Amino acid sequence: MFYNLSRIIIYIPIFIMAFFKKKLRGFLKKRLFQKIDLKNPGKDYVWIHCASVGEVNLSESLVREFLENTDFKILITMITDTGRATAEAKYKNDKNIDLLYFPIDDFFKIREILAKINLKALVIIETEIWPNLIRMSSKKSKVVFANGRISDKSFKSYKKISFYLKKLFLNVDFFLMQTEEDKNRIIDIGALAEKVENFGNLKFDVKLNDFTEEQLYQIRKELGLENRKIFVAGSTRNDEEEFILDAYDKLKDYFLILVPRHIERTTDIEGRLLKKKYRYEKWSTMEEGVKKDTQVLLVDEMGVLRKLYALCDVAFVGGTLVNIGGHSLIEPLYYRKPPIFGKYLQNVKEISKEIIHRKIGYKVENTQEFVAAVQMVEKKQVNLDDIDRFFLENTDVASKTFKRIIDII
């Protein structure tokens, strides 16, 4: 009651601001005023909630488990536009999957969704704690946190409201956490110990497109880069490009491909490239490959990064040189490319520890270390068999998660 009353009070200034701010108005319209038009109203559904691109990607193997082994329909919600675009690219034409923006925990919109489906299970990917979603769904179905994790920052915040979370978590049937640390943390902030299990990380189970050597050569040829060494900086965040460009200047004979996490930053990055007088092209306007004198290719479209990781010689993973916490280290590894990453790893803590322990990637803190890491990649210091072993030892997390959920439905 208090939670929803507080939301109504907060809505007032937000809607006033939205009247003057077009971007905010568009954000609210997509989420709070979207039409709930489902493909299979009244059918048995599993609702899988994701925050953004990362969660949409890592939940794919779990979605496939449900589609291949049950008759349930799937509803996937996400908060961000990039998450929505990624989900549409994967599932738009699948008659058994519906995609909606998450209505930012609005009571009335969630009630409208639940009225149109026979919900069997709500599966929240990682740890998106939305009180209305959890409480209202628990009255109709089972509620499970899958691939749960509690970051250092979130843990400190959640500890302050653990008295509230303890009561809210009574509505959750199981917490399937990534690591022992995550398991202990969720218990510490209010979950019942008997409801919490350490289940491993779904990121190990991400199924990516495979490419033959011939296909990769053809892509290189189409880009005009068949005879160039390619350095891909993926999912870069604000201020990381400066570091990347400084390191790039110290490398010999490399072609740089910048893939920002958010393509709306393209104009800002263009300004930096122009200021430093780099010869660059944009992915969207490139014709028949890059020009011979081009130094940098700036990717301003979604859904390209994995292909570029597959064909590159050197891979950097962004969100790690600035205090964001890191993006997927698994993706370049999947293509047997040792990832280079910075020191900010709170979102990928366990995976980065494993990578460093197995010596299948490189953590760097300055330009000198970055250049040294590239040189080690060139010298093939990483044993590719160790990368293969890493994946072999961490398979079937999605299958185990699916079976655990089915057991309680």
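Each value in this text was obtained by applying a stated rule to the coordinates, not by laboratory testing. What you are looking at is a predicted structure, and each value in this text was computed from that prediction instead of being measured. Backbone-built Cβ (ideal geometry, glycine too); neighbour counts: all protein chains shown.
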Kirkwood-type radius of region 362-405, with distances r between different C-alpha atoms, in Å: 13.1
Label-to-label distance, nm, for residues given as Glu197 and Gln375 (7 Å Cα→Cβ offset): 4.9
Global geometry of region 290-351, whether rounded, prolate or oblate, following the gyration tensor of its Cα atoms and the 1.5 cut on a/c: prolate
Descending principal axes extents, region 66-140, alpha-carbon based, whole Å: 30, 29, 23
In range of the label at Ile36: residues from region 94-120 whose backbone nitrogen is under 17 Å from the point 7 Å along Cα→Cβ: 98-120
Directionally averaged shadow of region 237-309, computed from the convex hull of its alpha-carbon atoms, nm²: 5.0
Of the DSSP H helices in the chain, those whose Cα atoms cover at least 18 Å axially and whose Kyte score averages 0.0 or more: 2-20
Mean Cβ count within 10 Å, highest first, over the residues of peptides 208-220, 286-298, 185-197: 185-197, 286-298, 208-220
Prolate/oblate/rounded call for region 298-394, Cα gyration tensor, a/c under 1.5 rounded: rounded
Expected-Rg normalisation [2.2 N^0.38 Å, Cα atoms] applied to region 1-118: 1.14
Expected 222 nm ellipticity per residue - DSSP helices of 4 or more, -39500 (n - 2.57), all of the chain, to 500: -13000 deg cm²/dmol
Kirkwood-type radius of region 213-392, with distances r between different C-alpha atoms, in Å: 16.3
Among beta bridges that DSSP assigns inside the chain, antiparallel share in %, nearest 5: 0
